[in-house]
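What follows is a short report on a single structure.
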Amino acid sequence: MFKQGEKIVLIGDSITSSGRMDDPELIGNGYFRMIRDYYTLTVPELDLQFFNKGIGGNRVSDLAARWQKDVIDLQPDWVSISIGINDVWRQLDNAGLEQIYPEQFEEIYRNILDRVQAETKAKLILMEPTIIEEDIQSKGNELLIPYVAIVRKLAETYNAKLVPTNQVFLEFLQKKSDFPLTTDGVHMTPAGNLLMAKTWIETITG
């Protein structure tokens, strides 16, 4: 799938960042590192370049604000986007921020995808937002449903690879809800990161 020397940007929130700001390599300890390590180990001859552009607390509007510097200026060959959890979470935590409801989420998301297609030659990878709490029936997971649907629709519209992270998390929780995938309902345990990385890799290679 990947070609010699390609640049792959993974951008998103704290789930993608996973401590990268405190890491001398700026890689972090989450699913991004697992993906980078997998390809470095399995296809070292390709000399792929991976860039972690996750920032904690980001919503889709935050991605749009830094899109030029963190995506366009890099002129990547691939852009992987994981966003939506904080757009919903801010509806639950009463942080006083302007809400980004599904209509605004889709509009802003479309704008950044349009920029990728107009200003780069990059291929797109869209990741479904994962989960908010490990109770499938939680309020957060209920609110997340239209955001996941939007990501699925945009993946089809923009001919992007769709990483079904929400789907695989919910399927796992239905089978084994006593095995934690998150530390707090949102941020990943090592197992959660592995499930994200596995799903991403299988989507790309499949």
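The values are calculated or read from the model by the stated rules, or taken from the named source; none is laboratory data. Nothing here was measured: the structure is a model prediction, and the numbers come from that model. Here Cβ is always computed from backbone atoms with ideal geometry, including for glycine, and neighbour counts include all displayed protein chains.
Descriptive notes on the structure:
- Top-ranked residue in region 121-133 [being assigned to a loop (DSSP other than H, G, I, E, B) and buried (at least 20 other Cβ atoms within 10 Å of the Cβ); ranked as farthest from the chain's Cα centre (by Cα)]: ALA122
- Qualifying residue in region 174-197 (condition: touching a Pro at 6+ places or on another chain (Cβ under 7 Å) and surrounded by 18 or more Cβ atoms within 10 Å (Cβ to Cβ)): no
- Single residue of region 134-158 satisfying the filter (over 17 Å from the mean Cα position of the chain (by Cα) and not small (Gly, Ala, Ser)) that is surrounded by the fewest Cβ atoms within 10 Å (Cβ to Cβ): GLN137
- Residue check for ASP114: out of contact with any helix residue (DSSP H, G or I) (no Cβ under 7 Å at 6 or more places or on another chain) and on the phi < 0 side of the Ramachandran plot: yes
- Close pairs from region 22-47: first closer than 15 Å to GLN4 by Cα and modelled with pLDDT under 95, partner among the charged types (D, E, K, R) and part of a loop (DSSP other than H, G, I, E, B), Cβ under 9 Å, at least 6 apart: none
- Of the numbered criteria (1) in contact (Cβ under 8 Å) with a residue 12 or more places away in the chain; (2) farther than 24 Å from ARG66 by Cβ, the one GLU156 fails is (1).
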